[in-house]
Every structure is written in structure tokens, then in C-alpha cells.
Amino acid sequence: MTTSRRLQLGLVSLGLGGLAVAVWDVAMGGLYFIVLGIRVSSWEAYKPIRIGMVAMIAAFWLNDRISAQDRTSWRMLARWAPWIAAGIAVASVAIAIRFGIFAAGGADSYGYVSQASLWAEGRLVVPDPLAEVESVLGPAVVPLGYLRARTRARSFRPIRLACRWRWRSR
């Protein structure tokens, strides 16, 4: 194996290692360990990703400089494209599973989910635990998507009721 190929493999290894550390930092919050009394740590993703990208660019440049015309990186990209796309798809699924939102949050989704729960329980009026401080907070005691209930004191109801929708058959 020639010196330039060894250098190229070393750069690819350094690049993949840097990118792996960056992914680990983002996914797990960093790393810390001691090897022979020397502390090795990484908490920020931008440094290892910068090192990884520079090493990979140098490896591609070196490959394009010493390879035949039909074996340059740009010519090989068409052959690599399905594998690159599959890798990105797998990574995006892993990121979605790791950082996905598995709870209803926010005004809109809270309103829909809580109203569905109320319908399932057979009631639409909910007791308001903050009714005691209504004189201080005003309408802020009622969650978004709800109004004070007129029929019962110290309770609230959804703004839009699902039963208002009309289904027309043709």
C-alpha cells in the first residue's frame, strides 16, 4: 500500500471518528473517560464535526488527486447515492425515535387531546383548581382552548365542541 493510500485511510478514519463523536455528543450529551491517566472528553459537537469534515474533505481531495479519471469521488457518487440515502434515512429515524415528542403539548394539541378525553369520560365541564385566584389572574386561570363554564361555578369547558360538526350524506 502506498503512502498516499495510507494517509487517505488515516484521514477517512479520523473523519469518521470525528463525525461519530459529534453524533454521540448530540445524542448522549457528551463523553468522558480516562486513558492512562489522561482525560478524554467531548461535550460540544461543533469541534469534532469540524475535525471530521476537514479530514473527510482532505481524504476526498487526496483520492481525486491520485485516482484515475473514472474513479474520482464525483464519478463514484452515482454509485454511492442509494447507500448515502439509506444511511440518512436510518439516521433520521434514529433521531426521530431518540428526540421524538411522545406527549401532547401546546395549546392546540392539548385542547384536542383533553377534549377527546372528556368526551370519552362522558363529561365536558372540568373543575378549575385555579378558580380561587381568578380575581388576581383573570382569564389566565383557564387553559388555552377552554372558556369559563357558565352553567357551573369554578369550572371550564372547551371553546369548540366536536358535536358542532355536521355530517351530510349524499
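FYI, it's all coordinate maths here, none of it is from the lab. All values reported here derive from a predicted model rather than from experimental measurement. Glycine also receives a Cβ, built like all others from the backbone with ideal geometry; neighbour counts cover every protein chain displayed.
Restricting to DSSP loop positions (anything but H, G, I, E, B) with no more than 10 other Cβ atoms inside 10 Å of their own Cβ, which trypsin sites (Lys or Arg not before Pro) remain in segment 34-97? Provide the component values of the computation, followed by the final result.
Details: sites: R39, R50, R65, R71, R75, R79; in loops: none.
Listed in order of number, the matching sites amount to none.
Kirkwood Rh and Cα-based Rg: tell me the resulting Rg over Rh for the chain, rounded to two decimals. If you can, show how the numbers build up before the last one.
Details: Rg = 29.0 Å, Rh = 22.3 Å.
We get a ratio of 1.30 for the chain.
If a/c stays under 1.5 just call it rounded; otherwise compare a/b with b/c (prolate if a/b is bigger, oblate if not). Do that for segment 45-124, with a ≥ b ≥ c from the square roots of the Cα gyration tensor eigenvalues.
Details: a/c = 6.60, a/b = 3.19, b/c = 2.07.
Prolate shape, in that a/c is at least 1.5 and a/b is the bigger ratio.
Tell me what the chain gives for mean residue ellipticity at 222 nm when only DSSP H runs of n ≥ 4 count, each as -39,500 (n - 2.57), the sum divided by the residue total, rounded to 500 deg cm²/dmol.
Values: 5 runs with 93 residues, N = 170.
Rounded to the nearest 500, it is -18500 deg cm²/dmol.
Using a/c under 1.5 as the rounded threshold, could you call segment 3-99 rounded, prolate or oblate? The axes a ≥ b ≥ c are square roots of the C-alpha gyration tensor eigenvalues, and prolate needs a/b larger than b/c, oblate otherwise. Display every interim value, and only then the final one.
Details: a/c = 3.27, a/b = 1.37, b/c = 2.40.
In terms of gyration-tensor shape, oblate.
With loop defined by DSSP as not H, G, I, E or B, and exposure as at most 10 other Cβ atoms within 10 Å, which is the longest segment of the chain clear of exposed chymotrypsin sites (Phe, Trp or Tyr not before Pro)? Write down the numbers at each step before the final one.
On the way: sites that count: W43, F102, W165, W167.
Between the exposed loop sites, the longest stretch runs 103-164.
So for the pair S135, A96, with labels modelled 7 Å out along Cα→Cβ, what separation do we get in nm?
According to this spin-label approximation, the distance is 5.2 nm.
Over segment 107-164, what is the relative contact order in percent, taking alpha-carbon pairs closer than 8 angstrom and at least six residues apart?
Numbers: 60 pairs, mean separation 20.9, N = 58.
Relative contact order, segment 107-164: 36 percent.
What is the calculated FRET efficiency for Y46 to T72, with r their C-beta to C-beta distance and R₀ = 30 Å, to the nearest 0.05?
Details: r = 30 Å, r/R0 = 0.98.
Efficiency for this residue pair is about 0.50.
May I ask you to list the residues of segment 67-96 whose amide nitrogen lies under 16 Å from a point 7 Å from Cα along the Cα→beta-carbon direction of M28?
Inside the label zone: 95.
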